[in-house]
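Below is one structure; the comments refer to it alone.
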Amino acid sequence: MPEGPKGIQGSAGDVVLLVGTTKGAFLFRSEPTRASWVMDGPHFPGEEVYALSLDQRGGQRALWAAPGNPFFGATLRRSDDLGATWSGKGDRPVKFPEDSGLSMKRIWQIQPGRDSEPRRLFLGVEPSCLFESRDGGASWEPVEGFMNHPHRPRWEPGAGGLCLHTIVPHTRDPERMLVAFSTGGVYGTDDGGASWSPRNKGVRAEFLPDKYPEFGQCVHKVVNHPDQPERLYLQNHWGLYRSDDWGATWRDIANGVPSDFGFAMTVHPRDPDTVYIVPLEADVFRCTPEAKLRVYRTRNGGESWEPLTRGLPQENAYETVLRDALCSDQADAAGVYFGTRSGKVYASRDEGDSWSLVRDGLPPVVCVDAAVLV
Amino acid sequence: MSVSVVLPDQLRGLVPGGGVLEVGGDAGTVRGALEAVRRHHPAVYDRIVTERGEVRPHVNVFVGRDNIRWMEGLETRVQDGAEVVILPAVSGG
């Protein structure tokens with residue numbers, strides 16, 4: 001038997017790349033140059049890992065993973081030594097109340113809270129709900145205002161299930177937060193989670209008779225930049241949008257992309273005008289258009305998009321990049337990373353200008369996250 | 001009465017000993033036996049039964065050789081000395 005994973009043992013300035021797949025998690029580490037990567041894994045072999053996060057707030061290095069056992073359900077694990085050991089094997093801290101009528105199928109998102117609240121974290125789960133911890137992840141409670149939302153009976157699952165996959169805390173106002181889920185769309189709270197209202201004006205629902213309903217959209221991802229929290233970018237199930245008013249209204253920014261269908265989206269770590277996406281051809285053919293693997297980048301807030309192809313295959317590339325499988329690090333120049341359903345992981349260390357293959361042959365990649373160790 | 005709850009390999013690391021839990025008292029049904037497991041090993045119970053009180057879809061529970069899905073479900077009666085066997089289904093991969 002091969003030896004099990006030992007963790008990645010990084011030093012300050014090193015870059016870590018976390019890759020979740022349908023069959024386990026793989027951890028990568030590089031020196032600050034990001035010229036080469038060492039891999040450690042699989043962690044949780046045989047279990048799907050749809051969410052990974054490295055939380056470095058408050059001087060900690062809390063590596064969170066949400067392995068989902070195909071038989072025995074999903075849970076949350078934590079490592080404080082970059083994967084050498086994991087706590088929480090016997091715990092099952094994230095559960096719906098038994099009288100809720102809900103049963104947790106998958107954890108889709110692990111979102112650390114604001115920097116000013118280092119013991120606060122959030123989870124997005126399926127069926128769509130938001131969970132919150134105020135004690136550094138030791139205990140979790142569903143956000144009742146969302147769990148008991150009167151719209152819940154009318155939320156329909158998308159192909160991936162009824163999943164809350166996106167959590168956007170407002171970096172300046174602790175009472176405000178957005179979430180996005182499929183299907184339902186974007187909802188926001190202005191009162192710390194007590195009440196939630198749809199924020200989907202201008203976002204179309206191609207699959208409904210009413211193309212612009214109050215809610216019911218199949219939003220795939222929403223991102224913003226901490227320095228401009230109220231400017232949002234949204235990759236929809238058909239549609240690419242921007243909001244400058246914290247989601248009150250949205251406008252189309254699919255200017256020059258080969259398709260406005262896609263899943264993944266990430267924002268540059270320092271420039272709120274720079275956003276990355278990977279368009280896919282269509283909902284009925286969820287592969288890169290023209291069999292070319294192209295990341296698209298805007299540097300002007302969506303006024304125009306440019307294809308990034310250097311180092312990426314431009315023929316016979318029928319690839320799919322899922323909603324959480326694209327990310328950036330905080331380095332200068334920014335690193336950008338993505339993983340494919342075919343098990344490839346690509347990295348750029350020059351803000352997307354050129355790319356290299358980090359690893360091939362992994363199980364289908366469902367999430368990536370990257371961070372510079374502090 | 002005494003009922004043995006036999007755990008699969010994947011759950012044995014969650015309990016001390018060899019993965020066979022002896023439960024007694026008023027077990028009476030599979031539900032009663034699993035509730036007895038829950039009192040001492042809630043994480044084991046959570047991996048077998050959902051928050052809705054249903055056996056997870058890819059977990060099978062047998063009384064002896066009989067799958068409770070084709071009997072009375074969690075209300076299936078267990079006799080003194082019975083074995084309740086937990087096994088992952090052949091689904092997955």
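The values are calculated or read from the model by the stated rules, or taken from the named source; none is laboratory data. Keep in mind it's a predicted model, so treat the numbers as computed, not measured. Positions of Cβ are backbone-derived with ideal geometry, glycine not excepted, and every protein chain shown enters the neighbour counts.
Total residues in the range B:71-83 satisfying the condition of being in a helix (DSSP H, G or I) and more than 22 Å from A:PRO70 (Cβ to Cβ): the figure is 1. When A:LEU208, A:LEU123, A:LEU130 are checked against the criterion of being in contact with a helix residue (DSSP H, G or I) (Cβ under 6 Å, 6 or more places away or on another chain) and surrounded by 14 or more Cβ atoms within 10 Å (Cβ to Cβ), a single residue qualifies: A:LEU130.
Just give me the residues in the range A:71-92 being under 11 Å from B:ARG47 (Cα atoms), buried (at least 21 other Cβ atoms within 10 Å of the Cβ) and in contact (Cβ under 8 Å) with a residue 12 or more places away in the chain, in sequence order. Residues satisfying the conditions are A:GLY73, A:ALA74, A:THR75.
Looking only at the range A:121-168, filter to residues that are charged (D, E, K, R), in contact with a strand residue (DSSP E or B) (Cβ under 7 Å, 6 or more places away or on another chain) and free of Cβ contacts under 8 Å to residues at least 60 places away in the same chain; which one of those is farthest from A:CYS367 (Cα to Cα)? Of everything passing the filter in the range A:121-168, A:GLU141 is farthest from A:CYS367 (Cα to Cα).
Counting only residues that are in contact with a helix residue (DSSP H, G or I) (Cβ under 7 Å, 6 or more places away or on another chain), under 15 Å from B:ILE68 (Cβ atoms) and touching a residue at least 60 places away in the same chain (Cβ under 8 Å), the range B:3-33 holds 2 of them.
Among all positions in the range B:20-32, there is at least one residue which is away from chain A (no Cβ under 14 Å), out of contact with any Ser or Thr (no Cβ under 8 Å at 6 or more places or on another chain), on the phi < 0 side of the Ramachandran plot and not in a loop (DSSP other than H, G, I, E, B).
If you go through the range A:266-284 and keep only what is in a loop (DSSP other than H, G, I, E, B) and of a type in the set (A, V, I, L, M), you end up with just A:VAL284. Kindly indicate whether any position in the range A:202-211 is under 26 Å from A:CYS327 (Cβ atoms) and not hydroxyl-bearing (Ser, Thr, Tyr). The answer is yes, given that some residue of the range A:202-211 is under 26 Å from A:CYS327 (Cβ atoms) and not hydroxyl-bearing (Ser, Thr, Tyr). For the range A:285-308, the set of residues classified as in a strand (DSSP E or B) and of a type outside the set (Phe, Trp, Tyr) consists of A:VAL295, A:ARG297, A:THR298, A:GLU306, A:PRO307, A:LEU308, listed by residue number.
Here's the yes/no breakdown for (1) touching a Gly at 6+ places or on another chain (Cβ under 8 Å); (2) outside any strand (DSSP E or B); (3) surrounded by fewer than 21 Cβ atoms within 10 Å (Cβ to Cβ); (4) among the basic types (Lys, Arg):
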{"site": "A:GLY4", "(1), (2), (3), (4)": "no, yes, yes, no"}
{"site": "A:GLY7", "(1), (2), (3), (4)": "yes, yes, yes, no"}
{"site": "A:ALA12", "(1), (2), (3), (4)": "no, yes, yes, no"}
{"site": "A:MET39", "(1), (2), (3), (4)": "no, no, yes, no"}
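Report yes if some residue within the range A:51-70 is free of Cβ contacts under 8 Å to residues at least 24 places away in the same chain and touching a strand residue (DSSP E or B) at 6+ places or on another chain (Cβ under 8 Å); otherwise report no.
No, the range A:51-70 contains no residue that is free of Cβ contacts under 8 Å to residues at least 24 places away in the same chain and touching a strand residue (DSSP E or B) at 6+ places or on another chain (Cβ under 8 Å).
Tell me, yes or no, whether the range B:24-31 has at least one residue that is within 17 Å of A:GLY73 (Cβ to Cβ) and more than 11 Å from the chain's Cα centre (by Cα). No, there is no match, as no residue in the range B:24-31 is within 17 Å of A:GLY73 (Cβ to Cβ) and more than 11 Å from the chain's Cα centre (by Cα).
Counting only strands (runs of 3 or more DSSP E) that sit wholly inside the range A:68-137, those with at least 3 residues that are more than 11 Å from every other protein chain (Cβ to nearest Cβ) and either within 18 Å of A:HIS43 (Cβ to Cβ) or at pLDDT below 95 (or both) are A:77-79, A:106-112. Whether any residue in the range A:339-351 is of a type outside the set (Gly, Ala, Ser), closer than 21 Å to A:SER36 by Cβ and not in a loop (DSSP other than H, G, I, E, B) is what I want to check. Scanning the range A:339-351 turns up at least one residue that is of a type outside the set (Gly, Ala, Ser), closer than 21 Å to A:SER36 by Cβ and not in a loop (DSSP other than H, G, I, E, B).
Residues of the range B:1-16 that are loosely packed, with under 15 Cβ neighbours inside 10 Å and more than 14 Å from chain A (Cβ to nearest Cβ): B:SER2 alone.
Matching residues to (1) under 18 Å from A:ALA51 (Cβ atoms); (2) in contact (Cβ under 8 Å) with a residue 40 or more places away in the chain:
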position: A:TRP305; (1), (2): no, yes
position: A:TYR318; (1), (2): no, no
position: A:LEU322; (1), (2): yes, yes
position: A:ARG341; (1), (2): yes, no
position: A:LYS344; (1), (2): no, no
position: A:ASP350; (1), (2): no, no
position: A:LEU362; (1), (2): yes, yes
position: A:VAL365; (1), (2): yes, yes
position: A:ALA370; (1), (2): yes, yes
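Within the range B:43-88, being closer than 20 Å to B:ARG12 by Cβ and over 12 Å from the mean Cα position of the chain (by Cα) holds for B:ALA43, B:HIS58.
Under the condition of being basic (Lys, Arg) and within 14 Å of chain A (Cβ to nearest Cβ), which residue from the range B:34-83 is nearest to B:LEU7 (Cα to Cα)?
B:ARG47
Identify, by number, the condition in (1) within 14 Å of chain A (Cβ to nearest Cβ); (2) free of Cβ contacts under 8 Å to residues at least 24 places away in the same chain; (3) not in a helix (DSSP H, G or I) that B:ILE86 doesn't meet. Condition not satisfied by B:ILE86: (2).
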